[in-house]
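Peer 1: I have a structure I would like to understand better, so I am pasting it below and will then ask my questions one at a time.
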Amino acid sequence: MSNPDTENSTRLKAIIDTAIDGIITIDTRGIVESVNPAAARIFDYDPEEIIGRNVSMLMPEPDHSQHDQYIDNYMRTGKAQIIGKGREVLGRKKDGSVFPFLLSISEVRLQDKLIFTGIVHDITELKKAEAALRESENKINSIIQAAVDGIITIDTRGIIEMVNPSAARLFGYNAEDLLGKSINMLMPEPDRSRHDGYMHNYHVTGKKKIIGIGREVTGLRSDGTIFPFYLSISEVELGDRKVYTGFVHDITKQKMIEERLRRYAAELERSNHELQDFAYVSSHDLQEPLRKIQAFGDRLMTKEYDNLSEQGKDYVDRMLNAASRMQNLINDLLNFSRVTTKSKPFVKVNLDTILSEVISDMEVSIEQTGAEIIRSPLPEIEAEPTQMRQLFQNLLSNAIKFRKENESPIINIYAKSLQRQAHLTATPGDELTEIYIEDNGIGFDEKYLDRIFNIFQRLEGQKYEGSGIGLAVCRKIAIRHGGDITASSQPGVGTRFIITLAIKHPED
């Protein structure tokens, strides 16, 4: 027949040995009488290394030296410091490292003696987690406090619970002036009166008008001035309640810049229209007196030429040549002004077809100079066909005109695609193409690169005919088609023109 006391003792030992927390018993002298496997593991000892020794071996200073005195004081006065209460203390492992644990001590009176039982709960990981949480909270708080943008937290009634220095400064307050106040104090009318209604509607319907979306709103400073800012709001669940955090980005300077740019653009557009009108009207007005000069010059050549002296004949020739150059200049100026004033809507244009037509039109000059044109497939884009013809014609004419003496022009034309990237004047996201036109001509010094695309600029002086408007027209056309034009060159080596065009770039 089994003994109940033996069974209870066995069951109790099994519970103690398998407990997760450490259990240590000591006598009134502080000598360890028993230690369960968990306690030995916590302190990194084998049980036999602890049993029979003073429990102070498991304590760092000053408890290590003062522990016997703690027991003596209790035995003498009966005043408990920790017995029956429990508290956080420090332990010392076998390797000398110190760690935190929760210690609760109970006093047990046996028949012939008094013992103390300590329950040891290691809180090392808990302390690490607490330290990490504190560090995280400190980082978040530091970020909030140092943030350039304003950050404000309110409860579901619209009462301000937190405001960072940037937000307080932005609205012209001290932070303590805002805490506990309604958020609508920072709003001008009509939002000031309607804000509580906005929150009520959201709580009833759940329909978000700004939470998680963000939009541009206006704020009211302490001095009564109103300013624009971009507000984004996030909703956060904190246990049993909600809070709303607003991020405030002041856009006052941005709005001022936008307004200045708007005015500048409007003024620039007006100025461009005036300039275009002036160029167009002036060119037309110059036509009539020029026709008279040419008409009377022609009469002199046909009716009075034989009566003129050799010097007079030279004067008439020079006058008619000047008039012819003037006529070309006026026509070029009209073409330049018409790039935008007489422009037509964009349509799908096959650049290969346009190039073939231009080459066909220039057949005579190509044959006369022995020019060789090497071409690769060009893309289809949205453009104005006439202006694309003008672009290719100007650049091919230049390549033939500015050839080396006793050397036939070689012109290479090909394209490269630029996939969806912001480039030059194109709108971000446009698909672009780069058209390359390379020649083996006389080239130029790249220090003059900025000049060659300006109107009336001619690097070669009077050696080559022209008004200096052709490349300016090319640039104007390229810009109108969502791109630009540039070049690379060396004297005596040749020139490469790079024209960027938007493949899909509908006009504004």
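Computed from the coordinates by the stated procedures, all read-outs in this text should not be read as laboratory data. A quick note: this is a predicted structure, and the numbers were derived from the prediction, not measured. Cβ coordinates were reconstructed from backbone atoms using ideal geometry, including for glycine residues, and neighbour counts include every protein chain displayed.
Peer 1: Among residues other than Arg29 whose Cβ falls under 12 Å from its Cβ, what is the net charge (Lys/Arg +1, Asp/Glu -1)?
Peer 2: For residues surrounding Arg29, the net value is -2.
Peer 1: Within the set of other residues whose C-beta is less than 12 Å from the C-beta of Ala40, count the net charge using Lys and Arg as +1 and Asp and Glu as -1. Working shown, then result.
Peer 2: On the way: positive: Arg41, Lys93, Lys94; negative: Asp17, Asp44, Asp46, Glu48, Glu49.
Surrounding charge for Ala40 is -2.
Peer 1: Okay, moving on. Near Lys303, which lysines are there with a Cα under 19 Å away, not counting those fewer than 8 places off in the same chain?
Peer 2: Lys292, Lys313
Peer 1: Quick one: length gained pulling Arg169 to Val347 fully straight, 0.36 nm per residue minus the C-alpha distance?
Peer 2: Here the segment from Arg169 to Val347 would lengthen by 58.7 nm.
Peer 1: Tell me, Leu179, Leu501 in order of fewest to most beta-carbon neighbours within 10 Å?
Peer 2: Neighbour counts put them in this order, fewest first: Leu179, Leu501.
Peer 1: Return a whole-number percent for the relative contact order of the stretch 147-250, with Cα pairs under 8 Å and 6 or more residues apart as the contact set. Please report the intermediate quantities before stating the final value.
Peer 2: Working: 194 pairs, mean separation 30.4, N = 104.
Once divided by the residue count of the stretch 147-250, the mean separation gives 29 percent.
Peer 1: I would also like to ask the following. Lys242 to Thr218: FRET efficiency via 1/(1 + (r/R0)^6), r the Cβ-Cβ distance, R0 25 Å, to the nearest 0.05?
Peer 2: 0.50
Peer 1: So, R0 is 41 Å and r is the distance between the beta-carbons of Leu268 and Glu372; what FRET efficiency does that work out to, to 0.05? All intermediate terms of the calculation are to be shown ahead of the outcome.
Peer 2: Numbers: r = 43 Å, r/R0 = 1.05.
For Leu268 and Glu372, the calculated efficiency is 0.40.
Peer 1: Using packing as a proxy for protection, rank 473-481, 440-448 so that the peptide with the highest average count of other Cβ atoms within 10 Å comes first. Please report the intermediate quantities before stating the final value.
Peer 2: Working: 473-481: 22.3, 440-448: 16.1.
So the peptides 473-481, 440-448, ranked by packing, come out 473-481, 440-448.
Peer 1: Let me ask another. If you add up the charges near Ile144, with Lys and Arg at +1 and Asp and Glu at -1, over every other residue whose beta carbon is less than 13 angstrom from its beta carbon, what do you get?
Peer 2: -2
Peer 1: Evaluate the stretch 4-127: find the radius of gyration of its Cα atoms, find its Kirkwood radius, and give the ratio Rg to Rh.
Peer 2: Value, to two decimals: 0.96.
Peer 1: Neighbouring Cβ atoms within 10 Å as the yardstick, rank Val364, Val349 fewest first.
Peer 2: In order of increasing Cβ crowding within 10 Å: Val364, Val349.
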